[in-house]
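To start, the structure under review is shown below, and the notes come after it.
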Amino acid sequence: MHTDYLKAFIAKHSINEENLATVAYLANLDYLSRKSPEVAKAIIQEIHDQRSHLKLIASENYSSLAVQMAMSNLLTDKYAEGYAFHRFYAGCDNIDYIESLANEELKKIFGAEHAYVQPSSGADANMVAFWSILFKRIQSKELEKLGKKTPQELTFEEHEKIRQLMVNQKMMGLSLTHGGHLTHGMLMNASSKMFQIIPYELNKETHLFDYKILKEQVQREKPLVLLVGYSAYSRLIDFSILREIADSVDATLMVDMAHFAGLVAGKVMTGVYDPVAYADIVTSTTHKTLRGPRGGIVLCKKEYAEFVDKGCPLVLGGPQPHCMAAKLVAFQEVNTKAFRDYAAQIVKNAQAFASSLMAKGGHVLTGGTDNHLLLLDTRSFNLTGRQAEIALRQAGMTLNRNTIPNDPNGAWYTSAIRIGTPAMTTLGMKEDEMQLISSLMIDLLKATTAEKNNLAKVTIDDKVLVRVQNEVKHLLKQFPLYPEIALRS
Ligand SMILES: *Cc1c(COP(=O)(O)O)cnc(C)c1O
């Protein structure tokens, strides 16, 4: 069927600069559909799915077609273990070129001393950072004491003693149920086995970062690593204070800006709110607010560079040259005025969304937002987060449930939903659309009734459901995803 789309398209239009993306994308699908109809079909289904639902997931976005095309080519075939201009494989000239340009572009965006673009995900980037810190601060020091240069020179006993020391270090991270991330010490994640984890929490009343209590806890525990970052926190963090707190016990300050990297890159978070200026080591994903391909990055001060650059073989396998190419394309897009405007609009949209929800009686945690996300307490609608998530998806809105601090419904059912504006903002939506969507959301949640004795089931008033579904469809028609690809002939 895609063959016909392409044929019809080419018959009607000549190929020129304006429709180059259309032809390239359709030709790609067309070719693929002959080799693997299953895969082509799933991709087309996914385009339909994403076009027919509003994406309110705070951790997702829409990458550009250029980013996607940079990923689908023969660069995937190349082994390039090592790092730029320092490889364990021959024939890496073009990969060196791409990786070093990506590093440079990234340093320019964030004003970082050093950059590393190999991690395949945010979790991988954190693993690189954790082990780089342990190698630098524990192993290197012990080697020096013994007058040895590399771990290969150690006796079995010496090596074992250092290893024990390395896995007995303390790390403090924001508790998962208070908005932290799985990789910050959750018991099901390896981070909680590598380190002795001491979680810290938000202020019990305000649900804000509590620098005073954190400082006391840090000074009591004296962790090797103070890790700051979140997946569900909607306020600014003053990194200058965290730097002071970390310095008072000689801790390494690590910031995981996976969620808000785009807002730092887009100069919305500057000065004391920009972690790169203050932290020893900063990690991020590239596919959230940064709007690049799925992947991770590490930024660090010079002293950590030699350890971070050895991410492969430290914890990573062979780098993914095609993803590094797509990252470079995305970084070039980020280094523009258009992206800075985009980042500013993300926050304006989130604030408009929060104000509008609150004006209609919704309870937004912390009373608003400074970034791209907000948390809506669903208990005032007599719903769990899970029930709200299910009801909204039926109405055409995709988002996820989220815990509130000390959640009475636990981590599976939860008591809130997390709403994010990065994807809607990419579609070009502004404050007016946020107002509309938030009122549709309130209407739908009000029309949703929890089933007795089942925290995951709901019934929705039919009339309201149909109206909201239609309004969502109407809105999405005005803000089409990838207008360049005219799949509907
Ligand atoms: C999303 C996220 C990650 C993990 O990213 P993956 O690419 O899914 O591994 C790490 N840390 C934080 C704070 C995140 O929000």
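Could you tell me whether any residue of the range 412-435 is on the phi > 0 side of the Ramachandran plot and open to solvent by 30 Å² or more (accessible area, probe 1.4 Å)?
Quick first cut of the range 412-435, residues on the phi > 0 side of the Ramachandran plot only: 414, 428.
Cutting the leftovers down to open to solvent by 30 Å² or more (accessible area, probe 1.4 Å) gives us 428.
Scanning the range 412-435, I find at least one residue that is on the phi > 0 side of the Ramachandran plot and open to solvent by 30 Å² or more (accessible area, probe 1.4 Å), so the answer is yes.
Taking the range 222-242 as the search range and keeping residues that are assigned to a strand (DSSP E or B) and among the β-branched types (Val, Ile, Thr), which one is surrounded by the fewest Cβ atoms within 10 Å (Cβ to Cβ)?
The residue in question is Val225.
Got a sec? Which of Gly296, Gly266, Gly292 is away from the ligand (no atom under 14 Å from the Cβ), closer than 20 Å to Ala66 by Cα and not charged (D, E, K, R)?
Gly266
Can you tell me which residue in the range 454-471 is modelled with the highest pLDDT, limited to those that are of a type in the set (A, V, I, L, M, F, W, C) and touching a strand residue (DSSP E or B) at 6+ places or on another chain (Cβ under 6 Å)?
So in the range 454-471, the residues of a type in the set (A, V, I, L, M, F, W, C) come out as 455-456, 458, 460, 464-466, 468.
Of the ones still in play, those that are also touching a strand residue (DSSP E or B) at 6+ places or on another chain (Cβ under 6 Å) are 458, 460.
Working: Val458: 94, Ile460: 97.
The qualifying residue modelled with the highest pLDDT is Ile460.
I want to confirm something. Restricting to the range 1-49 and keeping residues that are outside any helix (DSSP H, G or I) and hydroxyl-bearing (Ser, Thr, Tyr), which single residue is farthest from Thr398 (Cα to Cα)?
This residue is Ser14.
Taking the residues in the range 44-87 that are within 23 Å of Glu104 (Cα to Cα) and within 16 Å of the ligand (Cβ to nearest atom) as candidates, determine which candidate is nearest to the chain's Cα centre (by Cα).
Ranking the candidates gives Ser63 first.
Give, as residue ranges, the strands (runs of 3 or more DSSP E) completely inside the range 416-489 that count at least 1 residues that are of a type in the set (S, T, N, Q).
Once the strands (runs of 3 or more DSSP E) in the range 416-489 are filtered for at least 1 residues that are of a type in the set (S, T, N, Q), what remains is 448-450, 458-460.
Could you grab the pairs with beta carbons closer than 9 Å, sequence gap of 6+ or different chains, first residue in the range 204-223 and free of Cβ contacts under 8 Å to residues at least 24 places away in the same chain, second one acidic (Asp, Glu)?
These pairs meet every condition: Asp210/Glu201; Ile213/Glu201.
Quick check, is Glu389 more than 28 Å from Pro199 (Cβ to Cβ) and of a type in the set (D, E, K, R)?
So Glu389 does not fit the description; no.
Select, from Gly368, Gly318, Gly361, the only residue that is at positive phi and open to solvent by 10 Å² or more (accessible area, probe 1.4 Å).
Gly361
Could you name every one of the helices (runs of 4 or more DSSP H) located completely within the range 306-398 that has at least 2 residues being under 20 Å from the mean Cα position of the chain (by Cα)?
Correct list: 321-334, 337-359.
The values are calculated or read from the model by the stated rules, or taken from the named source; none is laboratory data. Just so we're clear, the structure is a prediction, and the values are computed from it rather than from any experiment. For neighbour counting, all protein chains shown are included, and Cβ atoms are generated from backbone atoms with ideal geometry for every residue, glycine included. What goes into the accessible areas is simple: the full protein's heavy atoms, side chains included, and nothing from ligands, DNA or RNA. Shrake-Rupley method; radii C 1.70, N 1.55, O 1.52, S 1.80 Å.
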